[in-house]
Amino acid sequence: MPSDAVLADPPSINLFNLVWCGLALAFTVGVIQFGNLWLLNFVHVMAGLLWTGIDLFMGFVIGPIMRSLPVPARRAMILRLMPKTLFLLPTLSIVTGTAGYFYAKQIGFLDLDYPEYGWVLAALIIITLLTVQGLGVLLPTNLLVYLEMRRDQPDGARIGRLMKRYVYAVGFQGLMQVAMITIMARFVTGL
């Protein structure tokens, strides 16, 4: 049976992915130092689209599909998916927020008066919440679930406890991502 073969040798976390993360972060720093407004906006928008798109796709498409899968199939999917998202999503969140902050600074959004600055402040608060929650709650929970799933006899009760808070965090992330899209649409159409 193919799923047994998948579970017999689950993939490990490839620390070489840290090189790609480091390159993405170094590229972002380089773009900030270079000071090209178009390129900075491009990096911010692309990283934001990828981060938001993956978050929403995982929450609204993959999540419901996984809940309907039998436990062995769910386990196999988690063991394949987690090693990739452990590196990709934190990197995208850091690049998005960092590039966005410096882009806002360059175009003068940080110097706006109220009430326009309220939109900027809302974006800064949301990106901070998303990043802190992603790095402080979702990333460690993903790692713990992945490590538990790699065991020969995963502790279902422990995974259940971890996933309980995870589901609420993911719901909050989705809500905040939609709020951020609303704010970004306001920026694009003019404050």
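The values are calculated or read from the model by the stated rules, or taken from the named source; none is laboratory data. Nothing here was measured: the structure is a model prediction, and the numbers come from that model. Heads up, the Cβs are rebuilt from the backbone with ideal geometry, glycines too, and the neighbour counts pull from every protein chain shown.
Here GLU116 clears all of (1) charged (D, E, K, R); (2) closer than 30 Å to TRP20 by Cα; (3) in contact (Cβ under 8 Å) with a residue 60 or more places away in the chain except the condition numbered (2).
How about segment 127-139: which of its residues are surrounded by fewer than 17 Cβ atoms within 10 Å (Cβ to Cβ) and touching a helix residue (DSSP H, G or I) at 6+ places or on another chain (Cβ under 9 Å)? Outline the logic, then answer.
First, pick out the residues of segment 127-139 that are surrounded by fewer than 17 Cβ atoms within 10 Å (Cβ to Cβ): 128-129, 132, 135-136.
Hits for segment 127-139 are THR128, LEU129, LEU135.
Quick check, is ILE94 surrounded by 15 or more Cβ atoms within 10 Å (Cβ to Cβ), assigned to a helix (DSSP H, G or I) and among the aliphatic types (A, V, I, L, M)? Spelling it out, ILE94 is indeed surrounded by 15 or more Cβ atoms within 10 Å (Cβ to Cβ), assigned to a helix (DSSP H, G or I) and among the aliphatic types (A, V, I, L, M).
Listed by first and then second residue, the pairs linking a residue in segment 161-186 that is over 14 Å from ASN142 (Cβ atoms) to a residue that is exposed (fewer than 14 other Cβ atoms within 10 Å of the Cβ) and not charged (D, E, K, R), with Cβ atoms under 8 Å apart and 6 or more places separating them unless they lie on different chains, are GLY174/PHE60.
Screening the candidates TYR146, TYR117, TYR103 for the property of being in a helix (DSSP H, G or I), hydroxyl-bearing (Ser, Thr, Tyr) and under 30 Å from PRO83 (Cα atoms) yields one hit, TYR146.
Would you mention how many residues in segment 120-138 are closer than 20 Å to PHE87 by Cβ and among the hydrophobic types (A, V, I, L, M, F, W, C)? Lay out the reasoning, then the answer.
Going residue by residue through segment 120-138, those that are closer than 20 Å to PHE87 by Cβ are 127, 130-138.
Within this subset, residues satisfying the condition of being among the hydrophobic types (A, V, I, L, M, F, W, C) are 127, 130, 132, 135, 137-138.
The total comes to 6.
Looking at GLY48, is it of a type in the set (Gly, Ala, Ser) and surrounded by fewer than 17 Cβ atoms within 10 Å (Cβ to Cβ)?
Values: of a type in the set (Gly, Ala, Ser): yes; surrounded by fewer than 17 Cβ atoms within 10 Å (Cβ to Cβ): no.
Spelling it out, it is not the case that GLY48 is of a type in the set (Gly, Ala, Ser) and surrounded by fewer than 17 Cβ atoms within 10 Å (Cβ to Cβ).
Is it the case that some residue within segment 54-74 is among the charged types (D, E, K, R), under 18 Å from LEU175 (Cβ atoms) and within 15 Å of the chain's Cα centre (by Cα)? Looking through segment 54-74, at least one residue is among the charged types (D, E, K, R), under 18 Å from LEU175 (Cβ atoms) and within 15 Å of the chain's Cα centre (by Cα). With respect to PRO83, determine if the residue is touching a helix residue (DSSP H, G or I) at 6+ places or on another chain (Cβ under 9 Å) and either at pLDDT below 85 or surrounded by 15 or more Cβ atoms within 10 Å (Cβ to Cβ) (or both). Against the criterion (touching a helix residue (DSSP H, G or I) at 6+ places or on another chain (Cβ under 9 Å) and either at pLDDT below 85 or surrounded by 15 or more Cβ atoms within 10 Å (Cβ to Cβ) (or both)), PRO83 qualifies.
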